[in-house]
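Below: one structure, written as structure tokens.
Read-outs: derived from the displayed coordinates by stated rules, not from any lab. This is a predicted model, so every value here is computed, not measured. Don't worry about glycine lacking a Cβ; one is built from the backbone with ideal geometry, like all the others, and counts go over all protein chains shown.
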Ligand code: PEP
Ligand code: MN
């Protein structure tokens, strides 16, 4: 952190700031220029609010040098983190596919998808049993019954399960069925939920809030990590902008920014970002080209009959075509699609 003093700051105001810095346990480094005096503060001062200092008499501006997150930051952990799930490692040099329906609807639907994924050597199935929806009057999922269907299909076909948990009080129950917890866009700042997920030892897929900044996403990841769980995969799922042609706007820039700021794996949700299956293959290929570590994608044997998000779900045939293209692009980039 750097404090910049006003041109006419008095010596006693400068001394007052230096005393405060020292009292908080940091080391001040004073530098007097012709016009302005500044003081550099060393020590991990990320938890110090700027308010503490910019309200002091004589202080013009306070500039933080370090990012406000630490455990999630690449500065403190330069190597890429890899998150293990279902015998796979999500992280650099691989591109992991998490595919499945928006909602678990019935056994036949999940069986069709699970057997298809297993036949193609894929390892991760998604499916929502607790569904946050744009309208609370829409289908909200089968609840625990849906989790049972997912888990038993996963067992039969050797697939690991990724499913959403919406509330802290459900973490223990959902944890009996899932291999990875998904935190949805509407819950990125549900701190009670994040705290509960920090206390367990299972990976978390943390989606970016549709109106959250990248820094806020990393602060939420930090909060889970601080509570003890460091197995986190970040997910860019599209943000709200003025554009209405797509359901959300896929922020491709979030991939290189997250990768630079953080060591955590980053995946993309092309389905919720685009909202229309026609655009999903392009978004998926763009994610791979931009350096993402995978995608979470909605597929359905009969999208036209889906109980939720049919419009953005790929048929198994369309997913197959995309899978081939991803493998071709992966080969060029030296990334294994898994
Ligand atoms: C989902 O993955 O089914 C979902 C509801 O996603 P999001 O939280 O990104 O809207
Ligand atoms: Mn969905």
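What is the calculated FRET efficiency for residue 6 to residue 226, with r their C-beta to C-beta distance and R₀ = 41 Å, to the nearest 0.05?
Once rounded, the FRET efficiency stands at 0.70.
Given the rule -39500 (n - 2.57) for each run of at least 4 DSSP H residues, summed and divided by the residues of the chain, what is its mean residue ellipticity at 222 nm, to the nearest 500 deg cm²/dmol?
Per the formula, -10000 deg cm²/dmol.
Cα centroid distance between segment 200-254 and segment 260-290, in Å?
12
Sort 274, 210 so the one with the fewest other Cβ atoms within 10 Å of its own Cβ comes first.
Lowest to highest Cβ neighbour count: 210, 274.
Given a 10 angstrom Cα cut-off, can you work out which residue in 109, 16, 140 is the most mobile in a GNM of the chain?
Of 109, 16, 140, the Gaussian network model singles out 16 as fluctuating most.
How long is segment 261-338 along each principal axis, judged by its Cα atoms, biggest number first, in Å?
Taking max minus min along each principal axis of the Cα atoms, segment 261-338 gives 38, 27, 18 Å.
Have a look at 68, 28, 303 and tell me which one the Gaussian network model of the chain (Cα, springs below 10 Å) gives the largest fluctuation.
In this elastic network of the chain, the residue with the biggest mean-square fluctuation among 68, 28, 303 is 28.
Using Cα atoms only, what is the angle between the long axis of helix 214-226 and the major principal axis of the chain, expressed in degrees (0 to 90) to the nearest 10?
Roughly 90 degrees, rounded to the nearest 10.
Tell me, what is the FRET efficiency for residue 42 and residue 111 to the nearest 0.05, using R0 = 51 angstrom and their Cβ-Cβ distance as r?
Given R0 = 51 Å and the Cβ-Cβ separation, E is 0.30.
I need two numbers for segment 197-337: Rg to one decimal and Dmax as a whole number, Cα atoms only, in Å.
15.5, 43
Provide the gained length on full extension for the span residue 63 to residue 289, in nm with one decimal, where the gain is 0.36 nm per separating residue minus the Cα-Cα distance.
That pair, residue 63 and residue 289, stretches by 77.9 nm at full extension.
Can you give the convex hull volume per residue for the Cα atoms of the chain, as a whole number of Å³?
In the chain, the Cα hull volume divided by residue count equals 155 Å³.
Picking from 58, 141, 100, which is most flexible by a Gaussian network model of the chain using Cα springs under 10 Å?
It is 58.
For segment 2-63, what is the Kirkwood estimate of the hydrodynamic radius, computed as the reciprocal of the mean inverse distance between distinct Cα atoms, to one decimal in Å?
This gives a value of 11.5 Å.
Please report the antiparallel percentage of DSSP beta bridges with both residues in the chain, rounded to the nearest 5.
Around 40 percent of the beta bridges assigned by DSSP in the chain are antiparallel ones.
For segment 217-259, list residues with backbone N below 18 Å from a point placed 7 Å from the Cα of residue 333 toward its Cβ?
233-238, 250-259
How would you order 85-92, 114-121 from highest to lowest mean count of nearby Cβ atoms within 10 Å?
Order by mean packing, descending: 85-92, 114-121.
In nm, what is the difference between 0.36 nm times the number of residues separating residue 30 and residue 311 and their Cα-Cα distance?
95.1 nm
How many nm is it between the label spots at residue 199 and residue 20, if each spot is 7 Å from the Cα in line with the beta carbon?
Placing both labels 7 Å along Cα→Cβ, they lie 3.6 nm apart.
Could you give me D for segment 163-237, from Stokes-Einstein at 4 °C and 1.567 mPa s, where the hydrodynamic radius is the Kirkwood radius over C-alpha pairs? Units µm² s⁻¹, please.
For the chosen part, D equals 110 µm²/s.
Please list the equivalent ellipsoid semi-axes of segment 50-133, computed as the square roots of five times the alpha-carbon gyration tensor eigenvalues, in descending order and whole angstrom.
Its equivalent ellipsoid spans semi-axes of 46, 20, 7 Å.
What full-extension length gain, to one decimal in nm, is calculated for residue 216 and residue 242 as 0.36 nm per residue of separation minus the Cα-Cα distance?
7.3 nm is the gain from fully extending residue 216 to residue 242.
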